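Worksheet: the structure to be examined is printed underneath.
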Amino acid sequence: MKTKKCCKCKDVKSVIEFYKWTHGKDGYSTYCRICTREFRKTPKAKAAYKLRYDKDKEKFKLKSKTWYNNNKARHRATDIEWRSRNKDHSKKSNWKKNNIQITLGIRFTIDDYNKKLIECNHKCEICESDGSGFTQGLIVDHDHKTSLFRGILCNNCNLMLGHTKDSISVLENTIKYLKRSRNEL
C-alpha cells in the first residue's frame, strides 16, 4: 500500500489517510485528514475560505447545488439517519429557530413536548393519525404571530394550516366546498 508523510504532524501514513487533491504532485493533500480538519477550524483557515467564497459566491453556490442534485438520495438518506439518531436535538433546534414558547417568555422544551404527546394520546389533534408516515413524526404547531405553542399535529395538518395562512374563513369555505361536492354525488 502506498504511504505518504504528513507535512504537519510528520507521521508516515497510508494515502487513504489523505484527502485527494488535484494540485498535489501525487494527487493527494500535503496534510493528513486529521491535521486538515484541525487546520480548517483555525481562524486563519476560516478567513481564507471566506475570502475565496466572497470572491466568487456564484461559483460556490453552483458547485454546491450541482453536488446536491447529483447526490439527492445520499443526502436524504444521511439526513433521515441523522434525524433518527438525534430526534430530540432536531426537534429542539427547530423549536429554538422558530422561538416557540409555551407562554410568553418561557421556551418550549422536550418535557413540554412529551407532556403534550401524552395529553393527546400520541395522535394528531386534528386528524388523529399517529404521524408514523412522516420522517419527523408528530410535530409542534405554533402561532406565527405570537410564537406561542398551539398543539401537536401531523405534517399534513400542519401544512394545511400553513397553506390556508391560519384563516378560519378559508377553512370554513373548504368545509362548505367539500359538503357541497359530496351532495352532488
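The values are calculated or read from the model by the stated rules, or taken from the named source; none is laboratory data. Since the structure is predicted, the reported quantities are computational estimates derived from the model, not experimental observations. Note that each Cβ is placed from the backbone with ideal geometry, even for glycine, and that neighbours are counted across all protein chains shown.
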Neighbours by Cβ (under 8 Å, 6+ apart or cross-chain): first from segment 156-170, hydroxyl-bearing (Ser, Thr, Tyr); second surrounded by 11 or more Cβ atoms within 10 Å (Cβ to Cβ): 164/170; 164/171; 164/174
Which of (1) part of a loop (DSSP other than H, G, I, E, B); (2) touching a Cys at 6+ places or on another chain (Cβ under 9 Å); (3) β-branched (Val, Ile, Thr) is the odd one out, the single condition residue 146 does not satisfy? (2)
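If we keep just the residues of segment 1-41 that are surrounded by fewer than 17 Cβ atoms within 10 Å (Cβ to Cβ) and aromatic (Phe, Trp, Tyr), which is farthest from the chain's Cα centre (by Cα)?
Quick first cut of segment 1-41, residues surrounded by fewer than 17 Cβ atoms within 10 Å (Cβ to Cβ) only: 1-3, 5, 7-16, 19-27, 33-34, 37-41.
Next cut, aromatic (Phe, Trp, Tyr) only: 19, 21, 39.
Numbers: 19: 27, 21: 30, 39: 26 Å.
That would be 21.
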In segment 14-42, which residue that is among the charged types (D, E, K, R) and outside any strand (DSSP E or B) is nearest to residue 3 (Cα to Cα)? 17
For residue 143, all conditions in the list (1) modelled with pLDDT under 85; (2) not β-branched (Val, Ile, Thr); (3) not assigned by TED's automatic domain parsing to the domain that holds residue 161 hold save one; what is the number of the exception? (3)
Residues in segment 114-131: is at least one modelled with pLDDT under 80, assigned by TED's automatic domain parsing to the domain that holds residue 156 and in a loop (DSSP other than H, G, I, E, B)? yes
